Amino acid sequence: MPTSRYSGYQSFSYLEPGRDYEQYDLSADVDRLTPHDLGLTADEAARTERLLAENVVISLHDHPVRLPRHARTDLLEWNRGARLAYGYEGLSRSGLDAVFDNLGWGACETRNGWKWDDVITDLGMRFCDFAHQDYVIRAETVADIRRAHAEGRLAVVAGLEGAALIENEIDRLDVLYGLGVRQIGVAYSDANALGSGLRETGDGGLTKLGRRAVRRMNQLGMAVDVSHSGDRTALEVIEASERPVLITHAGARAVWDTPRMKPDEVIRACAESGGVIGIEAAPYTTVSAAHRAHSIESVMDHFRYCVDLVGIEHVTFGPDTFFGDHLDMHHVMSAKWGVEDTIRSGPAFDPVETVSGMENPGECFRTVTGWLVRHGWTDDEIIAVIGGNVLRVLEKIW
Ligand SMILES: [Zn+2]
């Protein structure tokens, strides 16, 4: 297995910071936090590293950019500039071979973002940065992911959390596919012309336009995600889709009762479609009654529940993390985009400073793999949930 090809590139280093663009004080993408201690023996740690190195490891949902260190003063302006530095070095040490990077946040002005121009700006800016280095490649096929693994590179899959930006033009899905997008969520928490989001109290289900969009995404070979959709909309998307449907980042409502988590019925339907659920780890999402302080332990309570419910072949991880202080970001975003209301509507949880072990894209898969090794899961089971299941599903969707 080749070691990482990363050779030190930093985002936008083809420009002169301060002269060509405004520079912010950014969070480090390596060695920012003390690693979570799983108490692994030397043999268990070695087995963890071997599993990460030898197998295809895929994050089904993350945001691998470096947040400003001072979110409360810098975040919104930094975001509007769309010049979001990638955590290349952190990613190169993460064990990941592929990551679903959910774009659309960069450049967005409005509540929820995802206006057409904003997304095109974000996409183009990200790909422009990628074009100036040779460690990250754009993943448009399963072969790209396998190549990244074989060559010590990272394959980045461009995804969008919501489809509001297509408005009522189905052909925009073709345009997005042509620009490299391979996964789109139906609705990002608020309802749109396709269907309802999880924040809505009345879910009218998948609209006729939404049905046409699902059909087109099937025809294009673009993954449909229902992570932020309402329950009825999610079920109707799964019913309408001829290909497996993804829940890229969520958890089980039976474990933690918030709208952000999925009821058994939706998780079962996703699995029956041939899809997978990626277990989420953004702050205060996958908490559990047994672990009210969000950490790897509560995340794995959701994992175990989903494995028991639908079988291990339908479960994976979509941690949904950034390089930087996610809680600080939520605080700033909630005023503008309303990201916290669905989380706060659930049971009381214990405050944490970080989701220990699952705080950033550099550490999540090492923590998950180590946890599984420590808790007696077999190599085959671990290989499936850290990437094998996603590869199998993408072969059917793309
Ligand atoms: Zn999300």
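Take every DSSP beta bridge whose two residues both sit in the chain, then give the antiparallel share in percent to the nearest 5. If you can, show how the numbers build up before the last one.
Numbers: 3 of 32 bridges.
That works out to approximately 10 percent antiparallel.
For region 350-398, what is one quarter of the convex hull surface built on the Cα atoms, given in nm²?
On the way: hull surface 19.9 nm².
Projected area, direction-averaged: 5.0 nm².
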Checklist outcome for this item: Here the averaged projected area of region 57-158, based on the convex hull of its alpha-carbon atoms and given in nm², is 6.6 nm²
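Over all alpha-carbon pairs in region 268-398, figure out the percentage whose distance exceeds 20 Å. Mind showing how you got there, number by number?
Details: 4031 of 8515 pairs.
Percentage above 20 Å: 47.
Determine, for each peptide in 328-335, 256-263, the mean count of other beta carbons within 10 angstrom over its residues, then list the peptides with the highest first. Walk me through the numbers before you get to the answer.
On the way: 328-335: 16.8, 256-263: 21.4.
Ranked from most to least packed, the peptides come out as 256-263, 328-335.
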Checklist entry - To the nearest 20 debye, what charge dipole does region 185-295 have about its Cα centre, counting +1 at the Cβ of each Lys and Arg and -1 at the Cβ of each Asp and Glu? => result 240 debye
Item to check | Hypothetical label at Glu44: residues of region 366-390 whose amide nitrogen lies under 20 Å (7 Å Cα-Cβ projection) | outcome: 366-386
Checklist outcome for this item: Ordered by number, the trypsin sites (Lys or Arg not before Pro) in region 32-139 that occupy a DSSP loop and have at most 13 other Cβ atoms within 10 Å are Arg111
Next on the checklist: Need the C-alpha centroid separation for region 126-145 versus region 360-386, integer Å.
Outcome noted: 25 Å
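Defining a contact as two alpha carbons under 8 Å apart and six or more residues distant in sequence, what relative contact order in percent does region 82-220 show? Before the final figure, lay out the partial values.
Details: 217 pairs, mean separation 27.5, N = 139.
Relative contact order of region 82-220: 20 percent.
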Checklist entry - How big, in percent, is the set of alpha carbon pairs in region 10-87 lying more than 14 Å apart? => result 74 percent
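Considering only DSSP states other than H, G, I, E and B, which GluC sites (Glu not before Pro) in region 58-140 qualify as loop sites with at most 15 other Cβ atoms within 10 Å? Walk me through the numbers on the way to the answer.
Details: sites: Glu77, Glu89, Glu109, Glu140; in loops: Glu109, Glu140.
The qualifying sites are Glu109.
Return the tail of the calculated pair distribution for region 42-397, meaning the percent of Cα-Cα pairs more than 26 Å apart. Walk me through the numbers on the way to the answer.
Details: 27642 of 63190 pairs.
Beyond 26 Å sits 44 percent of the P(r) for region 42-397.
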Item to check | 3J(HN,Hα) from dihedral phi, region 310-327, Karplus parametrisation 6.51/-1.76/1.60, rounded to Hz, x for glycine, proline | outcome: 10, x, 5, 6, 10, 10, 8, 10, x, x, 6, 10, 10, 8, x, 7, 5, 5
Checklist outcome for this item: Between Asp31 and Ile170, the two model label points (7 Å from Cα along the beta-carbon direction) sit apart by a distance in nm of 5.5 nm
Item to check | Test item: Cα-centred dipole of region 42-397, Lys/Arg +1 and Asp/Glu -1 on Cβ, debye | outcome: 500 debye
Next on the checklist: Pairs of alpha-carbon atoms within less than 8 angstrom and 6+ residues apart define the contacts here; what relative contact order does the chain have, in percent?
Outcome noted: 20 percent
Checklist entry - Can you give me the relative contact order of region 186-243 as a percent, contacts being Cα pairs under 8 Å and 6 or more apart? => result 38 percent
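I want to verify the translational diffusion coefficient of region 157-198 in µm²/s; compute it with Stokes-Einstein, Rh as the Kirkwood radius over Cα pairs, at 37 °C and 0.692 mPa s.
Details: Rh = 10.4 Å.
Answer from the Stokes-Einstein relation: 317 µm²/s.
Bear in mind these aren't lab numbers, they're just calculated from the coordinates by the rules spelled out. Bear in mind that the values here come from a model prediction, so they are computed numbers and not experimental data. Every residue, glycine among them, receives a Cβ derived from its backbone with ideal geometry; neighbour counts consider all protein chains shown.
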